[in-house]
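The values are calculated or read from the model by the stated rules, or taken from the named source; none is laboratory data. These figures come from a predicted structure and were not determined experimentally. Counting neighbours? That spans all protein chains shown, and the Cβs are built from the backbone with ideal geometry, glycine included.
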Amino acid sequence: MPVTTDILGVPLHMTTLDGAVREAGRWICEGRRAYICHVNVHSLTASRDDPRLRAALAGADLAATDGMPLVWIGRSRGFDCGRVYGPDLMEALCRATAGWRGRPCRHFLYGATAPVLEALRHRLAVLAPGVSIAGTLAPPMRPLTPEEEAQHRQQIDASGAHVVWVGLGAPRQELWMARNRPLLKAELLVGVGAAFDFLAGTKPQAPVWMRRAGLEWAFRLATEPRRLAWRYLSGNSRFLALLMASAIAGRIRPPP
C-alpha cells in the first residue's frame, strides 16, 4: 500500500499510475470493497469548507494525486510519485482487466448523460478490446432521494459489476462513494469526474505537454470559461494562500 503524506489536512497516497492499477487489481481479486478518489487542487481546497468532503477524501482507500501541484509537493518531500490522471487510470484498468483469464471483471458506468455513456462505451471497446461493460446509468443532475439512490444500487448490483466508475464531479461523486461503498456489492468504486466526457470525446482534453506542465486548468478555463472561471481563478489563488499559511505554521515539512 502506498505511503501517505498530509497536504492541507488530507492524507494523499504517494503512488504512480502503474501503482494505482496494481492496487486496484489486487482489491478486485481480493473481493475488497474499496473506493478511489482523484484529488486535485479544486477538491482539496473545497474540502477545507466541507467536512463531509474532507471525511470522504480521508476515508478513501486510495486518495490519488490527480493534479501536478500535488505531485510536485509530494516529490519535494522525497516521494516517488506521479500524476494519477482519471482518464488514464480508467483506460489502463479497463485494458488490464480485459486481459484477465479465468477471472471476469465487469465494469459499470455511472454518471454523465445517456449520449455520453453510449459514446464512452464504444470508445472503451476500442481502447480496451474485450472489456466487459455490465451496464450504464445516467442519474438526474440534482440531489437524489434515498429511494432513487436505493434503486440505483439495486440496478448496479443486478448487473454483477465488479468496478463502478463514477462520473458525477466533485464533491458529489466523493460523497456518493463514501455513502455507497458499504452498501454495494462491487469490489471497487472509482470517482473520475470529467473522464467520461474526455474519453467519450464530448469535451476536449488539454495537450499532454500542458497536463505535464500543470497547465490543464488554463486549457479547461479557455474551453469552458463561463462554468470554470470562478472555480479556477479563486480556487487556485486560495490554494496558494493556504499553502503559504501552512508553511508558515510549520505544517509543510520535509520528510525526516
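Per-structure values
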item: Contacts under 8 angstrom Cβ, first residue in the range 25-36 being at pLDDT 95 or above, partner aromatic (Phe, Trp, Tyr), 6 or more apart; result: Ala34/Trp27
item: Candidates Ala63, Ala119 - the one that is surrounded by fewer than 20 Cβ atoms within 10 Å (Cβ to Cβ), touching a residue at least 24 places away in the same chain (Cβ under 8 Å) and either assigned to a loop (DSSP other than H, G, I, E, B) or not β-branched (Val, Ile, Thr) (or both); result: Ala119
item: Any hit, the range 124-137, residues being within 23 Å of Gly102 (Cβ to Cβ), in a helix (DSSP H, G or I), without any contact (Cβ under 8 Å) to a residue 12 or more places away in the chain and hydrophobic (A, V, I, L, M, F, W, C); result: yes
item: 1 or more residues more than 16 Å from Ile36 (Cβ to Cβ), of a type in the set (Asp, Glu) and out of contact with any Leu (no Cβ under 9 Å at 6 or more places or on another chain): qualifying helices (runs of 4 or more DSSP H) within the range 152-256; result: 216-223
item: Scan of the range 84-116 for residues that are surrounded by 22 or more Cβ atoms within 10 Å (Cβ to Cβ) and of a type in the set (Lys, Arg), ordered by number; result: none
item: One residue from Ala195, Ala241, Ala206, Ala200 being within 17 Å of Gly67 (Cβ to Cβ) and buried (at least 19 other Cβ atoms within 10 Å of the Cβ); result: Ala195
item: Output for the range 37-60, where each listed residue is surrounded by 21 or more Cβ atoms within 10 Å (Cβ to Cβ), in a helix (DSSP H, G or I) and hydrophobic (A, V, I, L, M, F, W, C); result: Val41, Leu44, Leu53, Ala56, Leu57
